[in-house]
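K.L.:
Here it is, the structure in full.
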Amino acid sequence: MTENVKEIFGGRGSGGAPPAPAALAAKVRTLAPSMTRSMQRVAEAVASDPAGCAALTVTGLAELTGTSEATVVRTARLLGYPGYRDLRLALAGLAAQQQSGRAPAITTDIAVDDPIADVVAKLAYDEQQTLADTAAGLDTVQLGAAVSALAGARRTDVYGIGASGLVAQDLTQKLLRIGLIAHAHSDPHLAVTNAVQLRAGDVAIAITHSGSTGDVIEPLRVAFERGATTVAITGRPGSSVTQYADHVLTTSTARESELRPAAMSSRTGQLLVVDCLFVGVAQRTYEAAAPALAASYEALAHRHRNVPR
């Protein structure tokens, strides 16, 4: 477990409001890969059986998970609660929500022989859960700071590889439509070459689910060292990319499967964060953004009209 994880997600016990019950499940799914194995056992237990764990003392949960009382308390704090008592209250609230008449959860593993109707249902459920988890875990203070930086930036560079590269292109296209200067870079050499030109007043954004993609981290590091404001959009809040990020925006992802690895399923959460950034910037720059958006729409409108034969 790294210090970055503690700072971002509240192993801090420093007065931040504990997450709501709905956010607890999302936070467990997001943080589990960054935890020690013993803490993962505690997190997995509370996520899989909130009602049962809510009935346990700290000693009981430690015995159930084969860990220590200190590990249980550390896990509670990492999840954003001052102590185990606060975590138990959240678990009780989460259990009550789950028992309030909701439809039973869908098993989302996709088999090679699943009927296409089942594939549609499973993917739709996964997408909905990913969006809900990302929204619940998104730090709006960090988001607001990133929006402010983008709204006032001289230029914005966005780095992403593979599926994350498609998200980078989506963000830059949106920013261009409202009159801002933005570039997406999926070529690592070109990304670094451009990052060298950045300075204070510019923004660099790295999009990487794993947080360890070297071709994305390197240009962000260069931009950081040049004085640009840097933002990381990642599913791993304690990963390497965050050490060069002024602002970290955490995404969730659907559970991995053989047919749908994290590199693909992560795109849903990333696109939600990108949309939040864009709308926030459009709000901040509305006087200039609205005419620019209208002009771009008008310039492209003829391409979408039916052309008589």
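The values are calculated or read from the model by the stated rules, or taken from the named source; none is laboratory data. What you are looking at is a predicted structure, and each value in this text was computed from that prediction instead of being measured. Virtual Cβ from ideal backbone geometry, glycine too; neighbours counted across all protein chains shown. Remember, those area values only see protein heavy atoms, side chains included, never the ligands or the DNA or RNA. Shrake-Rupley method; radii C 1.70, N 1.55, O 1.52, S 1.80 Å.
K.L.:
Taking into account only those residues within segment 285-301 that are open to solvent by 100 Å² or more (accessible area, probe 1.4 Å) and either more than 13 Å from A151 (Cβ to Cβ) or among the hydroxyl-bearing types (S, T, Y) (or both), which is modelled with the highest pLDDT?
P.N.:
Per the stated criteria, the residue is Y286.
K.L.:
How about segment 136-150: which of its residues are among the hydrophobic types (A, V, I, L, M, F, W, C) and crowded, with 17+ Cβ neighbours inside 10 Å?
P.N.:
A136, L138, L143, A146, V147, A149, L150
K.L.:
Report yes if some residue within segment 50-69 is at pLDDT 80 or above, in a helix (DSSP H, G or I), surrounded by 15 or more Cβ atoms within 10 Å (Cβ to Cβ) and under 22 Å from the mean Cα position of the chain (by Cα); otherwise report no.
P.N.:
No: zero hits.
K.L.:
Only residues that are out of contact with any Pro (no Cβ under 8 Å at 6 or more places or on another chain), of a type outside the set (G, A, S) and more than 11 Å from D275 (Cα to Cα): list them for segment 159-171, please. Quick ask: steps written out before the conclusion?
P.N.:
Applying the first criterion (out of contact with any Pro (no Cβ under 8 Å at 6 or more places or on another chain)) to segment 159-171 yields 160, 162-171.
Restricting the remaining residues to those that are of a type outside the set (G, A, S) gives 166-167, 169-171.
Hits for segment 159-171 are L166, Q169.
K.L.:
If I go through segment 90-115 residue by residue, how many of them are over 23 Å from the mean Cα position of the chain (by Cα), surrounded by 14 or more Cβ atoms within 10 Å (Cβ to Cβ) and at pLDDT below 70?
P.N.:
Here the count works out to 1.
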